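Working notes, structure below.
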Amino acid sequence: MSGDSKGPRESIATALVAIAENHLEVFCGTDGKVYASRKGVNVANVVGESGGAVRDLLSSFYYELNGKVAGRAAATEALDVLRARARMTERKAVYVRTARVDGTVYVDLGWGAHLENCYLYITPVSWGIERGSIPQKFRRTELTGPIMALHPDNEHAVPGSYDESNITKSLEQLRELLNVKPEHWQIVVGWMVAVLLDGGPVPVLLLTGEQGTGKTSTARVISNLLDPSPAPVIAPPRDDHQWAVIAAARRVVCIDNLSTVPDWLSDALCRAVTGDGFLRRLLYSDDGIAMNEFRRAIILTSIDAGAIRGDLAERMLPVELEVIDPTSRRSERELNEELATIVPQAFEEIVNLAWNCMGLEIDGVVAADRPRMADFADVLARVDLMTGWESLDHYRRTVARSLADAIAGDHLAEAVAAHLAIVGSWKGTAKELLDVLSRWRPDDGRGWPKGPRGVVGVLKRLAVPLRTQGIDVRTGRDHAGRWISLTSSKSGDAKRDGVTVVTVVPTSKVREKEEERDSASRKHRHDRHDDANRHATEIVNADGGDAAWPKRTAIPCTSCGAIALTDNGEPCLITPGCDGRHAA
């Protein structure tokens, strides 16, 4: 038997691993996933269980070098080795569309082929488009499209100072096409600048309006301006898992035709604005965890999204679009033709505005009396300083209206406001508060807490909206147990002949409930409680009410002495545990 001078033949899987080490950079991301990119290329792909684009890349390299096809089993073995080796390396951040690192903003332009390594950079010194490799890695998905407004082969505006005297017409022309009011447009421009700078959370942009106001078209243009996609707007997600998949794939997520905001979606939107990590169990594993980590800019469109919870309302930027004059309505083709001319100039103007904002950020320009979204408020303050606008003031008023709407859509908040309008302040346990407010409970019980624990949860969630309306909510514990304290600074009380007369301003739902109660009580009222006697004492109308709203008299309780605007003979609902009645 003759000896063989050749060594053992290298397996195809080993050859694929060698190809990957020579041509690819394989690493582990900060989210725990393994990524691979061609050496010198800024775009990375996930090395999942199936391999996906990385498997295709290895198979292509192998065929070019050997003229043979690598089998699926060999590719699977090679990918297993690459993933294992990558998890032993230092973790790197992978970005979607924008990355802000060491005072520089990088924006992936999304182009393929020979323009794959093109990116937009913004620094406090300048901005421009570069071609070449950078340390930052960008992930592209099926929802990633090229930024058409900035083609690397076109000429672009030279970075310059931005002030009220040299604002170009492109942004105003874009506003007219998008059907946004001037005062709202200032905030929308600031929102786009903040998204581009990626320096902190930005509020959820909610586009509202009646049918035919161009909500979807406006959302599509804004979304494609900052983060183009083959599917710029999507239907509302069914659950949090579908939401996590969608949000992980794009920088700007646009949900179209939202009719209501369920509690799970409200929580998911709040987390996505400030930064979210969605965990799930890995398939075919007992304790393996897959994580999607993201902070996103979100656009919603809705005719009426219904009741918005207070925590989301504080993170929301509602913009109502104007009704389109039928004589001014454009067809889809006409709109696209005008946008093709305006959008590139408008985008460069936004980039130039963002660059100037970075300079003011270095100078330490920040907003005074920052609201909840402090980073966004700082951007608006810098935009206002450069343009002479008043976007920050508009934003503050918009947030205040959103918080007021959040209260108007909650039954318990309405009941608290109505009760404090009568008594001014209240303190007791959660169970006692639930009993006191039961007179305003909806007949179907919808949206009403099922027990004392639910009362505490709702009040904590609505504490900020209630505070903006002059109602202070505090909780604590003493020797008697947990307590709740409610105080109104807008009770409208007035002293008349030494008697405190309280003005009640009920909401529509509370008013309907009160009218039903009054109608039932009048049927069984004793002759001594007739209208003549009731109106013989001082009468006080509810401020802002109408003629149909029943009048009330300031009457003390015979037991505890508490004064309330009520009917003679009604039981006391002010002091917890009091069994007395109000009598003139």
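In the condition set (1) in contact (Cβ under 8 Å) with a residue 40 or more places away in the chain; (2) under 27 Å from residue 33 (Cβ atoms); (3) under 17 Å from the mean Cα position of the chain (by Cα); (4) not in a helix (DSSP H, G or I), residue 206 is compliant with all but (2). In region 1-59, of all residues being of a type in the set (D, E, K, R) and modelled with pLDDT under 85, the one that is nearest to residue 77 (Cα to Cα) corresponds to 49. Taken over region 173-227, residues that are touching a His at 6+ places or on another chain (Cβ under 8 Å) and either within 19 Å of residue 272 (Cα to Cα) or surrounded by fewer than 23 Cβ atoms within 10 Å (Cβ to Cβ) (or both) amount to 2.
Okay, residues lined up against (1) out of contact with any Asp or Glu (no Cβ under 9 Å at 6 or more places or on another chain); (2) in a loop (DSSP other than H, G, I, E, B); (3) of a type outside the set (Phe, Trp, Tyr); (4) at pLDDT below 90:
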position: 245; (1), (2), (3), (4): yes, no, yes, yes
position: 250; (1), (2), (3), (4): no, yes, yes, no
position: 273; (1), (2), (3), (4): yes, no, yes, no
position: 280; (1), (2), (3), (4): yes, no, yes, yes
position: 285; (1), (2), (3), (4): yes, yes, yes, yes
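Can you tell me which residues in region 431-455 are exposed (fewer than 14 other Cβ atoms within 10 Å of the Cβ) and of a type in the set (Gly, Ala, Ser)? Those that are exposed (fewer than 14 other Cβ atoms within 10 Å of the Cβ) and of a type in the set (Gly, Ala, Ser): 438, 445, 451.
Only one entry in 107, 69 is β-branched (Val, Ile, Thr) and in contact (Cβ under 8 Å) with a residue 12 or more places away in the chain, namely 107.
Residues in region 96-149 that are among the charged types (D, E, K, R) and over 23 Å from residue 222 (Cα atoms): 102, 116, 130, 131, 137. Take the residues of region 136-173 that are under 31 Å from the mean Cα position of the chain (by Cα) and among the hydrophobic types (A, V, I, L, M, F, W, C): which is modelled with the highest pLDDT? Ranking the candidates gives 138 first.
For (1) modelled with pLDDT of 85 or more; (2) surrounded by fewer than 21 Cβ atoms within 10 Å (Cβ to Cβ), each residue gets a yes or a no:
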{"site": "361", "(1), (2)": "no, yes"}
{"site": "373", "(1), (2)": "yes, no"}
{"site": "388", "(1), (2)": "yes, yes"}
{"site": "410", "(1), (2)": "no, no"}
{"site": "426", "(1), (2)": "yes, no"}
{"site": "429", "(1), (2)": "yes, yes"}
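Quick check on this structure: which one of 384, 375 is under 21 Å from the mean Cα position of the chain (by Cα) and assigned to a helix (DSSP H, G or I)?
375
Yes or no: region 298-318 includes at least one residue that is modelled with pLDDT under 90 and at positive phi. The answer is yes; a qualifying residue exists.
Matching residues to (1) assigned to a helix (DSSP H, G or I); (2) in contact with a Leu (Cβ under 8 Å, 6 or more places away or on another chain); (3) modelled with pLDDT of 85 or more:
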position	(1), (2), (3)
394	yes, no, yes
414	yes, no, no
458	yes, yes, no
467	yes, no, no
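If a residue has to be under 16 Å from residue 88 (Cβ atoms) and among the β-branched types (Val, Ile, Thr) to count, how many in region 14-30 make the cut? Here the count works out to 3.
Could you run through region 112-150 and say how many residues are under 25 Å from residue 34 (Cβ atoms), crowded, with 18+ Cβ neighbours inside 10 Å and of a type in the set (A, V, I, L, M, F, W, C)? Final tally of qualifying residues: 2.
The values are calculated or read from the model by the stated rules, or taken from the named source; none is laboratory data. All figures in this text were calculated on a predicted structure; none of them were measured in a lab. Cβ coordinates were reconstructed from backbone atoms using ideal geometry, including for glycine residues, and neighbour counts include every protein chain displayed.
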